[in-house]
Amino acid sequence: MDGQIALLLGQDGIVNGAVNALMALALVLVFSVTRVIFIPQGEFVAFGALTMALLQAGRTPGTLWLLLALAALTLVVEAVRHQRGVAVDWTSTLIWTVALPGLAAFIVLVLVPASMIGRASAALLIMTPLGPLLYRLAFRPLAHATVLTLLIVSVALHGVLVGLGLLFFGAEGFRTTAFSDLRLDLGGIPVSGQSLVVMGVTSLLVILMFLFFEHTIVGKALRATAMNRVGARLMGIPTELSGDLSFALAALIGAISGLLIAPMTTVYYDTGFLIGLKGFVAAIIGGLTSYPLALAGALLVGLLESFSSFWASAFKEVIVFTLIIPVLWWRSLNSHHVEDEE
Amino acid sequence: MTFKRTLPLLAALVVATMAHADINVGVTLSATGPAASLGIPEKNTIALMPPTIDGQKINYIVLDDASDTTAAVTNTRKLINEYKVDVILGSTITPNSLAMIDVVAEAQTPMISMAASARIVEPQDAKKRWVFKTPQNDIMMSMAIADHMANSGVKTVGFIGFSDAYGEGWYQEFSKIAALKNLQIIANERYNRTDTSVTGQALKIVAAKPDAVLIAASGTPAVLPQRALKERGYAGKLYQTHGVANNDFLRVGGKDVEGTLLPSGPVLVAAQLPANHPVKESSQEYIAKYEKAYGAGSVSTFGGHAWDAGKLMQAAVGPALKKAKPGTVEFRIALRDALENVREVAGAHGVFNMSATDHLGLDQRARVMVKIEGGVWKYQP
């Protein structure tokens, strides 16, 4: 192994790590706000990528119908709740169930975007409302259940979504056209434009999320909910809306990651799971609560993957997933475990 | 989908007609899960099989094993115990087929697998005598590749394959033949179907500078290493295995897979075969039937393996019916014996001649070399 190979591997590792990092951020966000270990996070990646691929192929993606069906179902559920005298926040309900899905359907079916940006935004518009809709249908009724129950629901949801993915996209993979065909030569190291896009977008998202959580009232409300749900509620923060918002962000981040990786690799309906799982390993390194540690963990996983694929390609997954054992051991020694406030 | 819907109906039918002793054919396929791209055309092909053989009505019971070994075994038990099948077709992939052997041998039910590995039928023993298979052995395909490499002046070879039974099996077979042909394997790498990057492996192979690279993977995941190698400036010859011989590989691969060489069953290029090729007619018969039902250009080589399994079964049912009634153990034994005596049966992929030691029965007529040129498969005489 010489210096150039090491640099190339490092570059590959950082690009993979960037996608893992986005996954880890979304998982930490959803877990800290709603206590859901969101296994289907990977499906957002695959669905986002495949939706984009179908749009590029000039077909109407099945995810649009899924979105419209879930929106209609959510409207019915909310109407029934309203009937039963539960206070329903109609503004947010209408945004998630009518405004955004309607806009997505309008763009995809009527405008039929032909530009890269148009299609990417259509794909994001289809994917983002799926988050809050899934939250309202699957998780909100169980908001007070244990983490284990929520995890079981989340595994079930993963199974349902993978099945739907096979139905929508078929068994074969897709690859989308790259955002950038640029090829640079930085000091003898060939760098592809797409990998720069991945790193750029990831850094931008991380910075935006930092600003959002540190400097906006909504972000602070989300953090407050994450720290103490009951306390946040007493302070007048609508915790259910926090759930909506965190799932919407998770879906958006997932879909963006999907758009980022789709030009670099072939995406299948079930590709998401392994990507999500690696994000999960990274999130575990951060104890499912710390964003900076999760980011560091994601880069570590990415680099470990690319270097182990060079040295011992047959054992790559073994090496990556074995990493979780010493990390858990170390964390269990070092962190003060706080029981869930039930 | 239509099959799933008709399943309860079929089940009712089976129970209702059991008394008439129709022949029950149990099928377990990987129509979902990672091997779905192989299992779906196979399932489509089962629907094209004849409803009667020698005047005897055939009931096809099709179950999906989701590319899962446990599910394949459960399906097999279900087919044997609940549906009382006379023969089992399946499964799609090697791990599933290997796991099913114990079950069918115990129940004395012949099984025709559509999975590739030679280990399914070799070496023949008390259990495997119940098992037959239709896809070409890896060793036949390895030989075709090694021959082609040696004839075109290749001296050193890099190998990258799936880190599972497929990649490992290919490495075993290919390294044996490579030694005979004086080909030196100077890089040996593995990757997973689901990997999103193989940069590390590609770098290692490029650094070793082999004359040719063999990629032992199946379906569209086989595009990934080829693209990574091109990206890293690899300019030598690229060989793939017959596991990639479907049109999705061309769609996903695009210009990156141009010039790739691979061995394949003749069905892939049936129209380009010379008129005197022994498999041309039987291949085209299958293609015509499949495309009539599912649209032009929809046919794939994987469905052809299911078609050949059906052909073998059809050839064996006649002699077996002379010896015993369907639904009895005697019939199943007769069917197994008849399968072993199949002679010169031409299918989509080749001409079958079974024997007590050879439960595949294919020969050199079952493989051709193919090159990808201008985005289509081109027969290499």
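If you filter region B:31-41 down to residues that are over 16 Å from B:Arg193 (Cα atoms) and either touching an Asp or Glu at 6+ places or on another chain (Cβ under 9 Å) or away from chain A (no Cβ under 12 Å) (or both), you find that the one that is surrounded by the most Cβ atoms within 10 Å (Cβ to Cβ) is B:Gly39. Taking B:Leu229 as the residue in question, decide whether it is surrounded by 21 or more Cβ atoms within 10 Å (Cβ to Cβ) and either at the interface with chain A (Cβ under 8 Å from one of its Cβ atoms) or in a loop (DSSP other than H, G, I, E, B) (or both). For B:Leu229, the condition - surrounded by 21 or more Cβ atoms within 10 Å (Cβ to Cβ) and either at the interface with chain A (Cβ under 8 Å from one of its Cβ atoms) or in a loop (DSSP other than H, G, I, E, B) (or both) - is not met. Taken over region B:42-58, the criterion of being at pLDDT 90 or above and more than 14 Å from chain A (Cβ to nearest Cβ) is satisfied by B:Thr45, B:Ile46, B:Ala47, B:Leu48, B:Met49, B:Pro50, B:Pro51, B:Thr52, B:Lys57, B:Ile58.
When each of A:Thr271, A:Thr225 is tested for being touching a residue at least 60 places away in the same chain (Cβ under 8 Å), among the polar types (S, T, N, Q), more than 14 Å from every other protein chain (Cβ to nearest Cβ) and in contact with a helix residue (DSSP H, G or I) (Cβ under 9 Å, 6 or more places away or on another chain), the lone residue that passes is A:Thr225. Restricting attention to region B:103-139, the residues that are farther than 22 Å from B:Ala35 by Cα and either of a type outside the set (A, V, I, L, M) or not assigned by TED's automatic domain parsing to the domain that holds B:Ile46 (or both) total 12. Listed by position, the helices (runs of 4 or more DSSP H) inside region B:247-347 whose residues that are farther than 30 Å from B:Gln226 by Cα and modelled with pLDDT of 90 or more number at least 2 are B:280-294, B:301-323, B:329-340.
Condition check ((1) part of a loop (DSSP other than H, G, I, E, B); (2) hydrophobic (A, V, I, L, M, F, W, C); (3) at pLDDT below 95) across all residues:
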{"position": "A:Ile39", "(1), (2), (3)": "yes, yes, yes"}
{"position": "A:Glu43", "(1), (2), (3)": "no, no, yes"}
{"position": "A:Thr74", "(1), (2), (3)": "no, no, yes"}
{"position": "A:Leu109", "(1), (2), (3)": "no, yes, yes"}
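Within region A:225-276, the set of residues being within 16 Å of A:Gln41 (Cβ to Cβ) and assigned to a loop (DSSP other than H, G, I, E, B) comprises A:Tyr269, A:Asp270, A:Thr271. Where strands (runs of 3 or more DSSP E) fall entirely within region B:21-128, none has at least 3 residues that are closer than 24 Å to B:Asp358 by Cβ, of a type outside the set (A, V, I, L, M) and in contact (Cβ under 8 Å) with a residue 60 or more places away in the chain. In the set (1) farther than 23 Å from B:Met114 by Cα; (2) in contact with a Pro (Cβ under 7 Å, 6 or more places away or on another chain), the condition left unmet by B:Val368 is number (1). If you go through region A:152-196 and keep only what is more than 16 Å from A:Val45 (Cβ to Cβ), part of a helix (DSSP H, G or I) and away from chain B (no Cβ under 12 Å), you end up with A:Ile152, A:Val153, A:Val155, A:Ala156, A:Val160, A:Gly193, A:Leu196.
Checking each residue in region B:157-212 for being crowded, with 21+ Cβ neighbours inside 10 Å, of a type in the set (A, V, I, L, M) and either assigned to a loop (DSSP other than H, G, I, E, B) or within 14 Å of another protein chain (Cβ to nearest Cβ) (or both) picks out B:Ile160, B:Leu183, B:Val198, B:Ala202, B:Leu203, B:Ile205, B:Val206.
Within region A:310-327, being in contact with a helix residue (DSSP H, G or I) (Cβ under 6 Å, 6 or more places away or on another chain) and free of Cβ contacts under 8 Å to residues at least 24 places away in the same chain holds for A:Ser313, A:Lys316, A:Ile319.
For B:Gly243, the requirement of being surrounded by 24 or more Cβ atoms within 10 Å (Cβ to Cβ), modelled with pLDDT under 90, facing another protein chain (nearest Cβ under 9 Å) and not in a strand (DSSP E or B) is not met. Restricting attention to region A:277-326, the residues that are assigned to a helix (DSSP H, G or I), closer than 15 Å to A:Ile37 by Cβ, within 17 Å of the chain's Cα centre (by Cα) and away from chain B (no Cβ under 12 Å) add up to 7.
Take B:Ala334 and decide whether it is over 24 Å from the mean Cα position of the chain (by Cα) and surrounded by fewer than 24 Cβ atoms within 10 Å (Cβ to Cβ). Yes, satisfied.
The values are calculated or read from the model by the stated rules, or taken from the named source; none is laboratory data. Worth saying up front: this structure is predicted, and the values here are computed from it rather than measured. Note that each Cβ is placed from the backbone with ideal geometry, even for glycine, and that neighbours are counted across all protein chains shown.
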